[in-house]
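Chemist: For reference, the structure I am asking about is given below.
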Amino acid sequence: MNSPSEINTFFPAQRVRSARLARMAATCTLVLNALRPGVAHAQTTTLSLGDAARLAAKQNGQVDVVRTRVDAAEARVQQRRGALFPDIAAGILQSGRTTNSATFGFAFRDATGKPLLDPNGQLIGPIPTIDVRVRLQQPLVDLSSVAKWRAAQSATEAAVADVKAQADVAASAAAAAYVRAARTESQVAARLADSSLAADLVRIARDQLQAGVGIALDVTRAQSQLAAVRAQLIGARNERDRAMLDLKRAVGIPLDAPLVLRDSLGGLPIDNATPDEGAALSRASESRADVRALLALEASQQRALSAVRWERTPQLGLVVDQGQLGKNWAHFLPTYTWGVQLSVGLFDGFRRDGRVQEQVAGTRETEAKLRELRAQSALEVRAAVLDLNAAREQLDAVRERLALAEQEVSQAQERFRAGVAGNGDVITALLSLNQARTLRNDALASYHGARVSLARAMGSVQELP
């Protein structure tokens, strides 16, 4: 029994009607989906390389996690600032109390000297009392609390700088994922071009066989080459789809949302000028977000150390206790207590010294991390510059090889069409062209990957075009 494709081949009218029915069915499906309630139509996102980096810096999941630390740091600032404001409390106490007169330490006597109460002790009470009171404590001079407040502010600045550093990390990962996705798209395009050439080779071999000037071996060779290229195309498409998923995850968009790359691998800019290594090193040493984050952390630790040391200074405060005291609700008398209190910490069991040592150790650790990070950033800059120059030279060599491979295919095809040679030379030339296209894509990906690495090392990845 003939297949539907074979029937359509021999019956053109049937083929036309089938095409019309297919178009009508597709149109009806689109209309029904548009009218169906609750069906969401995802909007296509179009990204350039720089757009991917900046979008990841804004909405990557890891950046959101680090951003919550800023909220926690701001809450600690509010807590430290609260120590400088008055502490006001109010309360009502209704109670009854009994006491032993022998615990007074003295005796009440009458005019004759006779004790009014039993010298061995007498139960007095219960005495009911109602006490309505408001208590206020206001620090007047508290340098330690001021220092702790400023240290908390510095910790907030360090948290903000840490968010920027994490944003740069996310932007770098997204830019690298973009380059990989662009490479896979170029690989798919290259394999499609190879498939077109292989299919053309099969057609020529069959035509020559039917004309009696070719051999069946040429047809078999051409079909084998076409099958091999189709297998490569399947692998390239799968690699592209996986790379697009990684890119969507990196930039923080839904995995099922349509995504289009605005920049192709060959369309990304190539700068023939060698970057200034000295300027790149200077910027990496001071402008990288992770360097600034460590500098902010170091400043915060220095202020925290100062706050601990300021705890040794005297603290001056005001205490006011105002209320109404009486035996019942019908009769109260105003009572109050007020005073100015000066306190100085003399000895706390060396706990303060231990905290000072802890802060000093933390500051030294941050200084060591900062030195290591600056050394690592210098290494990353130099390595990226070397990779960039090498990739540029390799790209020139691969382009020349690609041009020669295309020329070789063209010449082999002309000889094969003329019947002066078999298609073995054409297949060999196609294999060379296949490899040259792959090498061209690899060289472009290496170059743009080095661009991203240099921008990451300099702290300018979010400035990519």
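The values are calculated or read from the model by the stated rules, or taken from the named source; none is laboratory data. If you're wondering where the values come from, they're calculated on a predicted model, not measured in any experiment. When we count neighbours, we look across all protein chains shown, and the Cβ atoms used for this are built from the backbone with ideal geometry, even at glycine.
Chemist: Is there a residue being more than 22 Å from the chain's Cα centre (by Cα) and not in a helix (DSSP H, G or I) anywhere in the range 141-148?
Modeler: Checked against the condition, which is being more than 22 Å from the chain's Cα centre (by Cα) and not in a helix (DSSP H, G or I), the range 141-148 yields at least one hit.
Chemist: Report, by residue number, each residue of the range 129-183 that is over 30 Å from W310 (Cβ atoms), surrounded by fewer than 21 Cβ atoms within 10 Å (Cβ to Cβ) and in contact with a strand residue (DSSP E or B) (Cβ under 8 Å, 6 or more places away or on another chain).
Modeler: T129, I130, D131, V132, R133, V134
Chemist: Between residues in the range 331-356 that are at pLDDT below 85 and residues that are exposed (fewer than 10 other Cβ atoms within 10 Å of the Cβ) and in a helix (DSSP H, G or I), which pairs lie under 9 Å by C-beta distance while being six or more apart or on different chains?
Modeler: Going by the 9 Å Cβ cut-off, there are no qualifying pairs.
Chemist: Of the conditions (1) small (G, A, S); (2) under 30 Å from R230 (Cα atoms); (3) modelled with pLDDT under 90; (4) in a helix (DSSP H, G or I), A421 clears all except one; give me its number.
Modeler: (4)
Chemist: Condition check: farther than 30 Å from S446 by Cα and either surrounded by 17 or more Cβ atoms within 10 Å (Cβ to Cβ) or not small (G, A, S) (or both). Does A199 satisfy that?
Modeler: In short, no.
Chemist: Could you give me the residue pairs with C-beta distances under 8 Å whose first residue belongs to the range 121-135 and is in contact (Cβ under 8 Å) with a residue 24 or more places away in the chain and under 30 Å from A89 (Cα atoms), whose second residue is surrounded by 15 or more Cβ atoms within 10 Å (Cβ to Cβ) and of a type in the set (V, I, T) wherever it lies, and which are 6+ apart or on separate chains?
Modeler: Cβ pairs passing all conditions: R135/V320.
Chemist: Is there any pair linking a residue in the range 57-79 that is over 18 Å from A167 (Cα atoms) and free of Cβ contacts under 8 Å to residues at least 12 places away in the same chain to one that is part of a helix (DSSP H, G or I) and of a type in the set (S, T, Y), with Cβ under 9 Å and at least six apart or on different chains, and which?
Modeler: Matching pairs, first to second residue: none at all.
Chemist: Could you please find all residues in the range 236-262 being assigned to a helix (DSSP H, G or I) and either at pLDDT below 85 or basic (K, R) (or both)?
Modeler: R237, R240, R242, K248, R249
Chemist: Identify the residue in the range 352-371 that is farther than 10 Å from V308 by Cβ and of a type in the set (D, E, K, R) and, among all such residues, is nearest to the chain's Cα centre (by Cα).
Modeler: Here the residue is K369.
Chemist: Against the conditions (1) over 29 Å from Q394 (Cβ atoms); (2) in contact (Cβ under 8 Å) with a residue 60 or more places away in the chain, where does M244 fall short? Just the number, please.
Modeler: Tallying (1) over 29 Å from Q394 (Cβ atoms); (2) in contact (Cβ under 8 Å) with a residue 60 or more places away in the chain, M244 fails exactly one: (1).
Quick grid of which residues meet (1) on the phi < 0 side of the Ramachandran plot; (2) among the small types (G, A, S); (3) modelled with pLDDT of 85 or more:
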{"position": "G38", "(1), (2), (3)": "no, yes, no"}
{"position": "Q43", "(1), (2), (3)": "yes, no, no"}
{"position": "L47", "(1), (2), (3)": "yes, no, yes"}
{"position": "D51", "(1), (2), (3)": "yes, no, yes"}
{"position": "V66", "(1), (2), (3)": "yes, no, yes"}
{"position": "R69", "(1), (2), (3)": "yes, no, yes"}
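Chemist: Which of the following residues is more than 23 Å from R262 (Cα to Cα) and modelled with pLDDT of 85 or more: L233, L226, L209, L217?
Modeler: Answer to the check: L226.
Chemist: Can you report the number of residues in the range 86-114 which are loosely packed, with under 10 Cβ neighbours inside 10 Å and either over 30 Å from N328 (Cβ atoms) or touching a residue at least 60 places away in the same chain (Cβ under 8 Å) (or both)?
Modeler: Selection size over the range 86-114: 4.
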